[in-house]
1. Taking H as built 1.01 Å from N, whose amide H comes closer than 5 Å to the amide H of CYS19, not counting residues under 5 places away?
2. To make sure I understand the rule: partners must be lysines, Cα under 29 Å from the Cα of LYS41, and not fewer than 8 residues away in the same chain. Which ones qualify?
3. Please calculate the 1.4 Å probe accessible area of ARG34, with all protein chains present, and give it to the nearest 10 Å².
4. For the chain, which whole percent of the accessible surface, found with a 1.4 angstrom probe, sits on carbon and sulfur atoms?
5. Give me the dipole magnitude in Debye, nearest 20, for the chain about the Cα centre, with unit charges on the beta carbon: positive for Lys and Arg, negative for Asp and Glu.
6. Work out the length of the dipole vector of segment 7-88 about its Cα centre, built from +1 on the beta-carbon of each Lys and Arg and -1 on the beta-carbon of each Asp and Glu, and round it to the nearest 20 debye.
7. On the first, second and third principal axes, largest extent first, how far apart are the outermost C-alpha atoms of segment 28-151 in Å?
8. Shape of segment 49-114 from its Cα gyration tensor (a ≥ b ≥ c, root eigenvalues): rounded if a/c is under 1.5, otherwise prolate when a/b > b/c, or oblate?
Amino acid sequence: GHISIKFDGEQCNCGRVGCWERYASATALINQTRKAMEENKDSKMWEIGSLDAVTGKTAFDYKDEDCYAKEVVDGYIKHLALGITNFANVFRPEKIVLGGGVCAQGDALVKPLQTLLDKDLFAGKLGPQVPIVVASLGNTAGILGAAALWL
């Protein structure tokens, strides 16, 4: 998460600026949703009650009925795709496995990510394809992995 994707981007907790983490993490999604709500008092996302109620799902839940939520989701996916594409172009993995809570969005997340990756992958359709999939263990993968190391 600490590769820079914006030369003059937001300050990151690590001390650098423009880190991928600031634009494409669950925390970034929550922060971007709150910012969109603060700037747009007419957003339907206010139906959740307050900024404290915002989660990583909020913008996704409203993206089909609220232009501000759609803008947040589209920006989040574009930033996530940028980092994924950079790694895929360098390492050309067999597949990219996504984990974490945001992955519960399934196709609403994976399909547009795959479209953006396919568009910017070196050699396009002529090279080996890199599918994006959601981890089968979902958000528990990290916990189970840590437990397996302990055993």
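The values are calculated or read from the model by the stated rules, or taken from the named source; none is laboratory data. Just so we're clear, the structure is a prediction, and the values are computed from it rather than from any experiment. Heads up, the Cβs are rebuilt from the backbone with ideal geometry, glycines too, and the neighbour counts pull from every protein chain shown. Quick note on the areas: whole protein, heavy atoms, side chains included, nothing else; ligands and nucleic acids left out. Shrake-Rupley method; radii C 1.70, N 1.55, O 1.52, S 1.80 Å.
1. ILE5, CYS12
2. Partners within reach: LYS6, LYS57, LYS63, LYS70, LYS78.
3. 70
4. Values: 5210 of 9080 Å².
Answer for the chain is 57 percent, counting heavy atoms of protein chains only.
5. Working: 16 positive and 18 negative charges, 102 e Å.
Dipole size: approximately 500 debye.
6. On the way: 10 positive and 14 negative charges, 55 e Å.
My answer is approximately 260 debye.
7. Largest first, segment 28-151 extends 46, 43, 19 Å along its Cα principal axes.
8. Details: a/c = 2.51, a/b = 2.12, b/c = 1.18.
It comes out prolate by the Cα gyration axes.
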